[in-house]
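**Q** If you scroll down you'll find the structure; I have some questions about it.
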Amino acid sequence: MIPTLEWTKAGVRFLDQTKLPLEETYVLATDYRAVADVIRTMIVRGAPAIGVSAAMGVALGVLRSQATDVEQLHHELHLICETLAATRPTAVNLFWAIERVRHAIRARSTEPSITVPQLQQVAVAEALRMYDEDIAACRAMGAHGAALLPRSGSVLTHCNAGALATCGYGTALGVIRAAVERGHQLHVYADETRPYLQGARLTAWELLHDNIPTTVLCDNMAASQMRAGKIQAVIVGADRIAANGDVANKIGTYGVAVLAKEHGIPFYVAAPWSTIDMATPTGEQIPIEERAAREVTHFHQRQITPQGAGILNPAFDVTPAKYVTAIITERGVLRAPYPAALRAMEAEQKTTAAVSA
Ligand code: MRU
């Protein structure tokens with residue numbers, strides 16, 4: 001399995017995605033500030049991977065804390081969580097993951113004789129549990145979604161929603177992997193995904209790693225390929241799904257969804273429940289990260305735009321729910337109307353959690 005991120009005794013070890021596919025090198029983050037830098041600089045990226053990295057960052061911060069009592073630990077916990085939460089604004093998994101570790105620590109802190117070392121172990125255990133759950137969720141999405149993909153043909157994907165964007169297996173690419181494992185004869189078109197090239201660099205690298213035939217195409221080539229009947233389905237990941245089913249994902253996803261609808265091609269979104277944000281009513285309220293102009297103005301350290309040109313670099317866009325054929329989660333497949341489908345799945349999950357508590 002591709003080792004996207006890993007908890008070690010020395011710290012959190014990350015496969016450096018800024019160097020792929022040319023170099024397979026690793027970065028060791030030995031404190032929570034280093035984990036925050038790794039997320040901000042996109043050494044690790046992809047919503048689920050960002051979430052678990054942040055959880056490990058909180059655990060690392062708590063573990064390295066010199067606090068002598070529980071109250072002091074809580075002061076530090078606040079700073080640790082704030083620092084990690086300030087890294088990237090769009091993927092809701094980041095905030096979900098930080099809250100989950102914080103909540104685990106708080107819940108145990110009320111015990112009268114609880115000690116700092118015990119709370120440190122609580123934090124580490126919770127982060128490791130989230131790592132395992134993420135891989136299990138990807139496998140479950142694969143199992144639910146595989147049958148939606150054609151028995152044979154080509155599937156288009158945008159950005160990288162694979163093992164590299166998760167703790168392993170992937171969301172959209174996990175569904176593709178699961179379909180291939182079940183005998184589907186699939187070929188993947190990977191949009192290059194300007195400006196950061198997650199498709200050209202990362203999706204192509206990881207699919208070829210698994211011997212899944214892959215063709216990279218520039219983002220502006222998808223339309224003609226669809227018109228020529230070369231693409232039978234589209235599947236992408238998500239950074240945040242609002243309560244009405246609007247989907248925030250890598251910039252360019254919206255255009256792909258509109259094209260898919262025009263050409264009668266199904267457009268699937270695969271995402272774990274931690275990407276669904278029931279507190280955000282529609283895509284309008286999803287914060288869109290604006291990244292540095294240099295990602296657009298430069299290519300391989302060389303400037304490609306004239307000095308003084310205005311530059312836009314929103315990292316994500318929002319695809320309205322009406323373009324989404326189905327949302328594949330680890331709990332099952334959702335179809336429109338999404339507000340009701342999402343509410344029903346949330347209620348079902350709350351009931352299951354209450355029964356098992
Ligand atoms: O800026 P990135 O590379 O973190 O953006 C990643 C994406 O947009 C992915 O499609 C999304 O996080 C889903 S990953 C399973």
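The values are calculated or read from the model by the stated rules, or taken from the named source; none is laboratory data. Since we're looking at a predicted model, the values are computed, not measured. Don't worry about glycine lacking a Cβ; one is built from the backbone with ideal geometry, like all the others, and counts go over all protein chains shown. Ligands, DNA and RNA are excluded from the accessible area calculation, which covers all protein heavy atoms including side chains. Shrake-Rupley method; radii C 1.70, N 1.55, O 1.52, S 1.80 Å.
**Q** Quick one: in segment 56-111, what % of C-alpha pairs are over 19 Å apart?
**A** Tail fraction, whole percent: 24.
**Q** Also, I was wondering about something else. Taking the Cα centroid of segment 85-132 and of segment 203-281, what is the distance between the two, rounded to the nearest whole Å?
**A** 32 Å
**Q** Mind putting a number on the dipole of segment 8-67 about its Cα centre? Charges go on the C-beta only, +1 for Lys and Arg and -1 for Asp and Glu, and I need it in Debye to the nearest 20.
**A** Roughly 160 debye, rounded to the nearest 20.
**Q** Can you spot the aspartates and glutamates whose alpha carbon is less than 14 Å from residue 250's alpha carbon? Ignore those fewer than 8 places along the same chain.
**A** Partners within reach: 191, 192, 219, 239, 289, 290, 317.
**Q** So if I restrict to the alpha-carbon atoms in segment 5-140, what is the Rg, and what is Dmax, the biggest pairwise distance, in Å?
**A** Values for segment 5-140 (Cα only, Rg and Dmax): 14.6, 53 Å.
**Q** If I take all pairs of Cα atoms in segment 1-83, what percentage of them are more than 15 Å from each other?
**A** That tail contains 55 percent of the Cα-Cα pairs.
**Q** Give the residue from 28, 103, 86 lying farthest towards the positive end of the charge dipole for segment 5-140; charges sit on Cβ (+1 for Lys and Arg, -1 for Asp and Glu) and the dipole is referred to the Cα centre.
**A** Of the listed residues, the answer is 86.
**Q** Still on this model: Report the calculated FRET efficiency for residue 303 and residue 258 (r = Cβ-Cβ distance, R0 = 22 Å), to the nearest 0.05.
**A** Efficiency, rounded to the nearest 0.05: 0.10.
**Q** Stokes-Einstein diffusion coefficient for the chain at 25 °C in a medium of 0.890 mPa s, Rh from the Kirkwood formula over Cα pairs: what value in µm²/s?
**A** In µm²/s, the coefficient rounds to 118.
**Q** Further question: Return the carbon/sulfur percentage of the accessible area of segment 150-356, one whole number, probe 1.4 Å, all protein chains in place.
**A** Percent of accessible area from carbon and sulfur atoms in segment 150-356: 54.
**Q** Putting +1 on Lys and Arg Cβ atoms and -1 on Asp and Glu Cβ atoms, find which of 176, 313, 263 reaches farthest to the positive end of the dipole of the chain.
**A** With unit charges placed on the Cβ atoms, the residue in question is 263.
**Q** Then there is this: Computing the accessible area with a 1.4 Å probe over protein heavy atoms, can you report the carbon and sulfur percentage for segment 5-140?
**A** C and S atoms contribute 55 percent here.
**Q** With r defined as the distance between the Cβ atoms of residue 118 and residue 86 and R0 fixed at 25 Å, what FRET efficiency is calculated, to the nearest 0.05?
**A** Given R0 = 25 Å and the Cβ-Cβ separation, E is 0.30.
**Q** Taking the Cα centre of the chain as origin and charging only Cβ (+1 Lys, Arg; -1 Asp, Glu), how large is the dipole, in debye to the nearest 20?
**A** Approximately 640 debye in magnitude.
**Q** If each DSSP helix of 4+ residues adds -39,500 (n - 2.57) and the sum is divided by the residues in the chain, what number results at 222 nm, nearest 500 deg cm²/dmol?
**A** Calculated mean residue ellipticity at 222 nm is -13000 deg cm²/dmol.
**Q** Compute a Gaussian network model of the chain, connecting alpha carbons closer than 10 Å, and tell me which residue from 283, 264, 170 fluctuates the most.
**A** Of 283, 264, 170, the most mobile in the Gaussian network model is 264.
**Q** So for the pair residue 273, residue 181, with labels modelled 7 Å out along Cα→Cβ, what separation do we get in nm?
**A** For the pair residue 273/residue 181, the computed spacing is 2.1 nm.
**Q** Probe radius 1.4 Å, ligands and nucleic acids left out: which of 108, 102, 129, 227 has the largest accessible area, and how do the rest follow?
**A** Largest accessible area first, the list is 227, 129, 108, 102.
**Q** Consider all pairwise Cα distances in segment 150-356 and report the whole-number % of them above 26 Å.
**A** Beyond 26 Å sits 35 percent of the P(r) for segment 150-356.
**Q** Under the Kirkwood approximation for Rh and a Cα-based Rg, what ratio Rg/Rh is obtained for segment 273-345?
**A** For segment 273-345, the value is 1.17.
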